[in-house]
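Encoded as structure tokens, the structure appears first; notes follow it.
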Amino acid sequence: MDKMNIKSVDAASQKMIEKAKVDNVEIVWDRYDIMQPQCGFGQLGICCRICNMGPCRIDPFGEGAQKGVCGANADTIVARNLLRMIATGAAAHSDHGRDIAEALLLASEGKAHDYSISNPDKLREIALIYGIKVEGRADLELAREVALRALAEFGQQAEELRFVSRAPEKTQETWRRLGIVPRGIDREVVECLHRTHMGVDNDYKNIILHGLRTALSDGWGGSMIATELSDILLGSPQPIRSKVNLGVLKEDYVNVVVHGHEPTLSEVVVQASQDPELLKLAREKGAQGINIVGMCCTANEILMRKGIHVAGNFLQQELAILTGAVELMMVDVQCIMPALAGLASCFHTELITTSPKAKFPGVTHIEFSPQRALEISKSILKRAVDNFDNRNKARVSIPEETMDLIAGFTAEDIPKIIGGRYRSTWKPVNDGIISGRLRGIAGVVGCNNPNIPHDLGHTTMVKELLRNDVLVVVTGCSAIANAKAGLLAPESAFESAGRGLREICEAVGIPPVLHVGSCVDNSRILIACSKIVEEGGLGKGISDLPVAGAAPEWMSEKAVSIGFYFVASGVFTVFGTPQPVLGSQNVTDFITDELEEIVGGKFAFEADPIKAAQLMIKHIDKKRKELRLNPMMYQ
Ligand code: SF4
Ligand code: MSK
């Protein structure tokens, strides 16, 4: 079968896509087909509706309009549109970080009793980075100060975001020289909106440079705050075994899918699912218990910390409902398809929104508040249990596919695993790269998109990287895709790994593909890169490292922000489909070529995942050569 002509490479998803046809319900691939051909102006980034003299569009063939009514050319229009994408992505991640900081503040003030300080060591580590005195301070007092300090980073007007100091000195110097060190998270996002208002910034390079600054305020700001403060409040992940794919839904249980991105409510929902009264009620209804499973990055959050099973990634959210076995889907924010409401109404599934920022017309809203987390969780689960009566057993069809996985790796834990608890070190990894057993490290992250067969980009790319002795770290929907393909089960991942990679991983006790978390946890990769530089022998800045990044199936604006903060940090990054920039040759050249001279990182666009992996390998080899490292031992 030609893999490019199928909708998904995942067998469980293929079955549910077929079921959608039988049930005569519309899902994302149907809507994608109906949408063809998609707007070429939009794809090229050359339509502008920023002011009411427009909308304007540039003729890509050079025969019609080459300027908007105001005189803006393709460079300005493309750069402005791109900056707005970065701003939205950075805002989404960072607002998530703000919510976590607010929850930590409430917990520290004794106003959110269902949470506690779960990781006092990290609390102290972060307090020290913020310049807060830690000696003799109680956890709650310290947590309050850390939360307030983190919240202040959003509204800060001048100086530098504190976590920028965690980057290698050389990398920081590059940012300072260019004037792109982020000042305050909200400030950079607001400035994006100001600069892209009609008649403000018309210099595409100046516009893109502010994009780098804004993206840095996400990666080294909002996202990093989300990760670190979640670890303080909910505990740092540890390597943990679990299962993935739609087969984790259980026919004889009340099934609840938690979907979105934020961990605060879903963590407590997991706790509430063990409530004796709710379990008794579930048994009275004929169910064995309550089965909580995750979708998208909420899944990654509770997988990493609690080992909760994962039902699927972005393109499986509708497929879970199609099993007919989901009593309730609880959503928070981001990557939740508006289509869920209509689809749920074709089944017995109750959709519940929980964030004041994300409501759906006609859908029941039970608002989350950290002060009443357990009470709210129980009330949501009670609805799920009650809804078990409404399940139509004749319509239930759960694919049997599940896969074992190990998740739960962090930038703090990997060196402990490698070096032992008392001599935490990255040295064996650095030595492996220097000796030529390990070629380098790649981060493969991001979404699914119906413009490429579901999971094909992630899994094909990762196998190619492993075969070439590249250690892979994964997050987000990519992590889930690779887990379904067995690549997070060390035994099967080793089968795909080259000899050198296998030797290093077996010697230090880590699998060749490391799941480091959700989308905001891409910040863990930034910290890992910084620590590897600090360990020595591989250059002075992140841009010196033999590393590369990729988002082979990207779809969201958050992916654009992530891509830009990796590029700004010095990482060569491949996107599976182009960002909407091809309508401006200047902007395209700037981000796929000239940026490398300026920040050390740049983008490439390549749809074929094998070719994309080869571009990453070529870049890694270029860095190895610049560092004068040994030739690869076995190739
Ligand atoms: Fe057209 Fe310029 Fe207004 Fe954009 S800002 S819609 S290009 S007139
Ligand atoms: S959930 S941003 S589809 S990775 Fe983080 Fe997945 Fe992309 Fe959403």
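A few notes on this one:
- Total residues in segment 217-260, condition touching a Lys or Arg at 6+ places or on another chain (Cβ under 9 Å) and in a loop (DSSP other than H, G, I, E, B): 6
- For segment 608-620, a residue qualifies if it is open to solvent by 10 Å² or more (accessible area, probe 1.4 Å) and either under 13 Å from Leu545 (Cβ atoms) or outside the structural domain of Phe572 (by TED's automatic domain parsing) (or both), and exactly one does: His619.
- Residue check: Leu105 meets all listed conditions (1) more than 29 Å from Leu193 (Cα to Cα); (2) at pLDDT below 95 but one, namely (2).
Listed here are the residues, each with its yes/no results for (1) in a strand (DSSP E or B); (2) out of contact with any Ser or Thr (no Cβ under 8 Å at 6 or more places or on another chain); (3) open to solvent by 10 Å² or more (accessible area, probe 1.4 Å).
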{"site": "Leu405", "(1), (2), (3)": "yes, no, no"}
{"site": "Thr425", "(1), (2), (3)": "no, yes, yes"}
{"site": "Val429", "(1), (2), (3)": "no, yes, no"}
{"site": "Gly432", "(1), (2), (3)": "no, yes, no"}
{"site": "Ala442", "(1), (2), (3)": "yes, yes, no"}
{"site": "Pro450", "(1), (2), (3)": "no, yes, yes"}
{"site": "Lys463", "(1), (2), (3)": "no, no, yes"}
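For every residue, the table says whether it meets (1) out of contact with any Lys or Arg (no Cβ under 6 Å at 6 or more places or on another chain); (2) part of a helix (DSSP H, G or I); (3) touching a residue at least 40 places away in the same chain (Cβ under 8 Å); (4) buried (at least 24 other Cβ atoms within 10 Å of the Cβ).
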position: Gly294; (1), (2), (3), (4): yes, no, no, yes
position: Leu303; (1), (2), (3), (4): yes, yes, yes, yes
position: Leu319; (1), (2), (3), (4): yes, yes, yes, yes
position: Ala325; (1), (2), (3), (4): yes, no, yes, yes
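- In the set Met616, Met633, only one residue is closer than 24 Å to Leu466 by Cβ and not in a helix (DSSP H, G or I); that residue is Met633.
- Qualifying residue in segment 31-45 (condition: away from ligand 2 (no atom under 16 Å from the Cβ) and buried (at least 20 other Cβ atoms within 10 Å of the Cβ)): yes
- Just one residue in the set Gln271, Gln288 is among the polar types (S, T, N, Q), assigned to a loop (DSSP other than H, G, I, E, B) and open to solvent by 10 Å² or more (accessible area, probe 1.4 Å); that residue is Gln288.
- For segment 10-26, the set of residues classified as part of a loop (DSSP other than H, G, I, E, B) and either over 26 Å from the mean Cα position of the chain (by Cα) or in the same structural domain as Leu487 (by TED's automatic domain parsing) (or both) consists of Asn24, Val25, Glu26, listed by residue number.
- Checked against the criterion of being open to solvent by 40 Å² or more (accessible area, probe 1.4 Å), in a helix (DSSP H, G or I) and acidic (Asp, Glu), the candidates Glu135, Glu159, Glu145 yield just one match: Glu145.
- Only one of the numbered conditions (1) open to solvent by less than 10 Å² (accessible area, probe 1.4 Å); (2) more than 16 Å from ligand 2 (Cβ to nearest atom); (3) at pLDDT 95 or above; (4) under 24 Å from the mean Cα position of the chain (by Cα) is not met by Ala493, and that is (3).
- Here Asn449 clears all of (1) under 14 Å from Val513 (Cα atoms); (2) within 15 Å of the chain's Cα centre (by Cα) except the condition numbered (1).
- Subset tally (residues that are within 10 Å of ligand 1 (Cβ to nearest atom) and assigned to a loop (DSSP other than H, G, I, E, B)) for segment 57-99: 9
- Test: residue in segment 91-106 that is under 28 Å from the mean Cα position of the chain (by Cα), among the aliphatic types (A, V, I, L, M), in the same structural domain as Asp218 (by TED's automatic domain parsing) and farther than 20 Å from Cys519 by Cβ: yes
- Comparison of Lys205, Lys243 shows that the only residue that is charged (D, E, K, R) and closer than 30 Å to Gly486 by Cα is Lys243.
- Cβ-Cβ contacts under 8 Å between residues 6 or more apart (or on different chains), taken from a first residue in segment 185-196 that is under 10 Å from Arg80 (Cβ atoms) and open to solvent by 20 Å² or more (accessible area, probe 1.4 Å) to a second residue that is at pLDDT 95 or above and of a type in the set (Lys, Arg), are listed as Arg195/Arg80.
- The lone exception for Asp203 - which of (1) closer than 30 Å to Cys56 by Cα; (2) of a type in the set (D, E, K, R); (3) open to solvent by less than 10 Å² (accessible area, probe 1.4 Å) it fails: (3)
- Residues of segment 37-56 that turn out to be more than 6 Å from ligand 1 (Cβ to nearest atom) and closer than 16 Å to Pro580 by Cα, as a count: 11
- Note on segment 335-351: among residues that are surrounded by 23 or more Cβ atoms within 10 Å (Cβ to Cβ) and either assigned to a strand (DSSP E or B) or at positive phi (or both), the one that is farthest from ligand 2 (Cβ to nearest atom) is Leu351.
- Taking first residues from segment 60-87 that are within 16 Å of ligand 2 (Cβ to nearest atom) and partners that are part of a helix (DSSP H, G or I) and open to solvent by 50 Å² or more (accessible area, probe 1.4 Å), the Cβ contacts under 6 Å between residues at least 6 apart in sequence or on separate chains come to Met85/Glu557.
- Sole exception among (1) surrounded by fewer than 21 Cβ atoms within 10 Å (Cβ to Cβ); (2) modelled with pLDDT under 95; (3) not hydroxyl-bearing (Ser, Thr, Tyr) for Glu262, by number: (1)
- Search result, residues across segment 602-613 that are part of a helix (DSSP H, G or I) and of a type outside the set (D, E, K, R): Pro609, Ile610, Ala612, Ala613
- Positions within segment 548-577 being among the acidic types (Asp, Glu) and open to solvent by less than 10 Å² (accessible area, probe 1.4 Å), in sequence order: Glu553
- Test result for Ser530, at pLDDT 95 or above, assigned by TED's automatic domain parsing to the domain that holds Lys622 and either assigned to a helix (DSSP H, G or I) or within 16 Å of ligand 1 (Cβ to nearest atom) (or both): yes
The values are calculated or read from the model by the stated rules, or taken from the named source; none is laboratory data. All values reported here derive from a predicted model rather than from experimental measurement. With ideal geometry, Cβ positions are generated from the backbone for all residues, glycine too; neighbour counts draw on all protein chains shown. Keep in mind that these areas ignore ligands, DNA and RNA; they rest on the heavy atoms of the full protein, side chains included. Shrake-Rupley method; radii C 1.70, N 1.55, O 1.52, S 1.80 Å.
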